[in-house]
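Pasting in a structure now, in structure tokens, and then I'll have a few things to ask.
The values are calculated or read from the model by the stated rules, or taken from the named source; none is laboratory data. Given the structure is predicted, the values throughout are model-derived calculations rather than measurements. With ideal geometry, Cβ positions are generated from the backbone for all residues, glycine too; neighbour counts draw on all protein chains shown. For the accessible areas, the whole protein counts, side chains as well, though only heavy atoms, and no ligand, DNA or RNA atoms are used. Shrake-Rupley method; radii C 1.70, N 1.55, O 1.52, S 1.80 Å.
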Amino acid sequence: MTTAASTIEVAGVSVDTRHWIGGQRVASADTFADVSPVDGRVLGQVSRGGQAEADAAVAAARAAFPGWARMGPTARGEILFRLADLVEAHIEELAQLETMDNGSLLRSHRRGVMPRVAMNIRFFADYAINQLSHPVFQTRGHDNHVSWDPSGVTVIITPWNAPLMLATWRIGPALASGDTVVLKPPEWAPLTASYFADLAHEAGLPAGVFNVVQGLGPEAGAPLTLNPQVSRICFTGSVPTAKVIAKAAAENLIPCSFELGGKSPTVILDDADLDLAVDLAIEQYDNAGQVCLAGTRLLVQRGIADAFTERFIERAAQIRQGDPRDEQTQIGPNIHLRHVERVQGFVDRAAADGASIAYGGSVNADLGPHYYRPTLIRDAQPGSEILTEEVFGPVLTMQVFDTDAEGLEVANGTEFGLAACVVTGDRARAEAFCEHLVAGTIWVNCFFVRDLAAPFGGSKKSGIGREGGIWSFDFYADVKNTVYAPNGWKE
Ligand code: NAD
């Protein structure tokens, strides 16, 4: 139900959809429609920012920077811990909003994603207070003191597949470092960012420390990346957009952290526990395939390929697709009709190119046009787009290999290198395989085990840089070394 041009109400939760700049709600003359993938309903209108709003947000963040930077990690931490507590107190509201906005499962938002949002804030605030240090070391009697200084204004641009989780994964360490932030949320799922701004205000973040500019990428995002007052740019999204942003950032030599797409392999060796292998392969359909880390290329060793395929298709047929608010649902809709068309295009072209559709291959018409069925494609042409480009839908491919060396070559055979999953019963074989796999994260006999202290990022076209633990602070802060001589001191 839409209550006013600047408010959207979802499941009894009301969100102010204007920008949040310098501690104030700011409206734009223009708005854009926010459509729910759950039922295709227009939820309401959101402020559509441009150059003026982007400039105002960066100016507000710049003005707030010296005060926030000088507070130090402990005083900042008090506010950030309050913010994490507030997120926890509002998990239900955030979960309801995110589910209607991007179609991901309500139960995942309640039990996994929104608790992780709180952790994103709390972990990095705590790290800045308790762990951010390096032992003093000596050079010819001189002491080297390493420190992490706040760097300025961080711009954060995020995608729609896990909007608030991905935003706070950057907001947490940026604010804990002493930087101020301007967030540009995804236009296909803008609501939780606006709600989060109210929580940040309630937690006591000073005006201008955290800002939200709503709008479309080229209109609201681009001017943020071109602003010389910005000191860091964090982008999570697709490779084509990353190229545009990298060029903009080069104009002012602004350091970027990019977390981009993937085409990750799930490698199943012939000594794998077949039940485990099938479980892990089925997991790759989570969030209707809209997961950057998804191991969408199933690479199966020949000895077990037939048994695996039979069991996999049996299990795929049991997946419950439906309304993401239903506790029983395992996968929900895809984000947008334009996105569904893109997914269908990949599948149609693969079929026209001689691949076989072993399962799925179309929209589930009973559920509505946003609900693409879990799909398995076999026998695609080596090197074809379905085997090399990111589909970002519930579409897996299967390739059969003979030797471990061949499996490794196929696994490494795309331009991406975000993640990989390897399933085998032999530890030594796993270690030999993983040594030469090119990926930011590898899971062996497991999937999606994530620790905020671990380095995270992509190799090759899957990203630039690593975040998590100390790696986050190394990016957001200006790392400084101060060398103290042993002499020259007055008694
Ligand atoms: P996208 O690149 O289309 O958009 C991402 C964001 O960039 C949006 O907020 C958009 O408005 C903004 N944007 C678009 N053009 C811009 C411009 N010229 N200047 C500044 N901002 C601009 O990506 P998407 O479709 O929203 O997200 C899907 C992609 O994100 C997939 O490729 C997926 O793999 C990737 N992703 C990566 C990770 C990771 O951690 N590596 C996590 C989630 C998603």
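Within region 264-281, identify whether any single residue is buried (at least 20 other Cβ atoms within 10 Å of the Cβ), in contact with a Leu (Cβ under 7 Å, 6 or more places away or on another chain) and part of a helix (DSSP H, G or I), and answer yes or no.
Yes: region 264-281 contains one or more residues that are buried (at least 20 other Cβ atoms within 10 Å of the Cβ), in contact with a Leu (Cβ under 7 Å, 6 or more places away or on another chain) and part of a helix (DSSP H, G or I).
Here is a further query. Of all helices (runs of 4 or more DSSP H) completely enclosed by region 36-142, which ones contain at least 2 residues that are open to solvent by 50 Å² or more (accessible area, probe 1.4 Å), in contact with a helix residue (DSSP H, G or I) (Cβ under 8 Å, 6 or more places away or on another chain) and among the polar types (S, T, N, Q)?
Filter on region 36-142 gives 51-89.
What are the pairs, 6+ residues apart or on separate chains, where a residue within region 183-196 that is without any contact (Cβ under 8 Å) to a residue 60 or more places away in the chain and more than 9 Å from the ligand (Cβ to nearest atom) has its Cβ under 6 Å from a residue that is open to solvent by less than 10 Å² (accessible area, probe 1.4 Å) and assigned to a loop (DSSP other than H, G, I, E, B)?
Every condition considered, the pairs that remain are ALA193/PRO185.
Between a first residue in region 246-271 that is more than 13 Å from the ligand (Cβ to nearest atom) and a second residue that is open to solvent by 60 Å² or more (accessible area, probe 1.4 Å) and modelled with pLDDT under 95, which pairs have beta carbons less than 8 Å apart while being 6 or more apart in sequence or on different chains?
Within 8 Å, no pair qualifies.
If you scan region 313-329, which residues turn out to be closer than 20 Å to ALA358 by Cβ and in contact (Cβ under 8 Å) with a residue 40 or more places away in the chain?
Hits for region 313-329 are ILE313, ALA316, ALA317, ILE319, GLN321.
Could I ask something else about it? How about region 207-226: which of its residues are open to solvent by 20 Å² or more (accessible area, probe 1.4 Å) and either more than 15 Å from VAL26 (Cβ to Cβ) or near the ligand (Cβ under 9 Å from one of its atoms) (or both)? Don't jump to the end; show me each part of the working.
Here is the first cut: in region 207-226, the ones open to solvent by 20 Å² or more (accessible area, probe 1.4 Å) are 207, 216-219, 222, 226.
Once the filter is applied, which keeps residues that are open to solvent by 20 Å² or more (accessible area, probe 1.4 Å) and either more than 15 Å from VAL26 (Cβ to Cβ) or near the ligand (Cβ under 9 Å from one of its atoms) (or both), region 207-226 yields LEU216, GLY217, PRO218, GLU219, ALA222, LEU226.
Go through (1) more than 16 Å from the ligand (Cβ to nearest atom); (2) surrounded by 22 or more Cβ atoms within 10 Å (Cβ to Cβ); (3) assigned by TED's automatic domain parsing to the domain that holds TRP188 for SER231 and report which single condition fails.
(2)
Considering (1) open to solvent by less than 20 Å² (accessible area, probe 1.4 Å); (2) in contact with a helix residue (DSSP H, G or I) (Cβ under 8 Å, 6 or more places away or on another chain), say which one ALA197 fails and leave the rest.
Every condition holds for ALA197 apart from (2).
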